[in-house]
Amino acid sequence: MHFIERCFAIFAVLALLAPQPGGAQANKSAEDADQKELYSYVLTADKLHQLADATRDIKELQKKNPQAADEKVDTASEEGSISQRVKDIEAKAPEFAAIVRKNGLTPREYLVALLVLMQASILVSMKKASNTEYSKEATTLVSPANLAFVEQHWDDLQKMNLGADSKDADDKN
């Protein structure tokens, strides 16, 4: 599995996991704060393009040195708060953080935007597949504004193909 695909998979699973019952109060507090941050983040066309540009540049770096990119992912934290994951990225993959900054985002905003986009995309995809409305639980995870944004930009998001390897994207076209 390639670096970006692995990151998307990790972020998707972590973003959709609910807080575990019986966890430490500090962990629940951090999870609640993370969920509030994700819910209140607003996707825009400009942010989407910055996210796509940064992701493209990270994929290019991975192509140049796939072994180093895979090693960075293997050492990055797959658990913890958004703040902890950002610290891990900045400490263990500073070249990725630099690429994100070059594209006008902080590593935190990149991670948050990616998580929000993935959550909203999963929910929109499920809605399209089942031809039903969003559940009440879904609208507590992702803001109605972000769901509407993803619905409105669905075709553009499919063309951007943020999670696919370039070769795979070329094969689909």
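The values are calculated or read from the model by the stated rules, or taken from the named source; none is laboratory data. It should be emphasised that the depicted structure is a prediction, and the values quoted were computed from it without experimental measurement. Positions of Cβ are backbone-derived with ideal geometry, glycine not excepted, and every protein chain shown enters the neighbour counts.
Does Val150 satisfy being surrounded by 13 or more Cβ atoms within 10 Å (Cβ to Cβ), at pLDDT 90 or above and more than 24 Å from Lys59 (Cα to Cα)? Spelling it out, it is not the case that Val150 is surrounded by 13 or more Cβ atoms within 10 Å (Cβ to Cβ), at pLDDT 90 or above and more than 24 Å from Lys59 (Cα to Cα). For the stretch 144-158, enumerate the residues that are of a type in the set (A, V, I, L, M), in contact (Cβ under 8 Å) with a residue 40 or more places away in the chain and closer than 14 Å to Val42 by Cα. Across the stretch 144-158, the qualifying residues are Ala145, Val150.
Among what's in the stretch 12-53 and is in a loop (DSSP other than H, G, I, E, B) and at pLDDT 95 or above, pick the residue that is surrounded by the most Cβ atoms within 10 Å (Cβ to Cβ). First the steps, then the outcome.
Taking the stretch 12-53 and keeping what is in a loop (DSSP other than H, G, I, E, B), we get 17-24, 41-44.
Okay, now just the ones that are also at pLDDT 95 or above, so 41-44.
Values: Tyr41: 18, Val42: 11, Leu43: 21, Thr44: 11.
By that ranking, first place goes to Leu43.
Selection over the stretch 114-147 of residues that are in a loop (DSSP other than H, G, I, E, B) and surrounded by fewer than 21 Cβ atoms within 10 Å (Cβ to Cβ) gives a count of 6.
Considered as a group, the residues in the stretch 70-79 that are of a type outside the set (Val, Ile, Thr) and surrounded by fewer than 16 Cβ atoms within 10 Å (Cβ to Cβ) include one that is modelled with the lowest pLDDT, and that residue is Asp74. The selection criterion, being within 21 Å of Lys36 (Cα to Cα) and either modelled with pLDDT of 90 or more or crowded, with 19+ Cβ neighbours inside 10 Å (or both), holds for Glu109. Among the residues of the stretch 95-113, the one identified as in a helix (DSSP H, G or I), farther than 20 Å from Lys64 by Cβ and among the β-branched types (Val, Ile, Thr) is Val112. The number of residues in the stretch 86-120 that are within 10 Å of the chain's Cα centre (by Cα) and of a type in the set (Ser, Thr, Tyr) comes to 1. The residue that is modelled with the lowest pLDDT, among those in the stretch 83-104 that are buried (at least 21 other Cβ atoms within 10 Å of the Cβ) and touching a Leu at 6+ places or on another chain (Cβ under 7 Å), is Arg85.
From the residues in the stretch 54-69 that are of a type in the set (S, T, N, Q) and surrounded by 20 or more Cβ atoms within 10 Å (Cβ to Cβ), which one is nearest to Leu115 (Cα to Cα)? My answer is Thr55.
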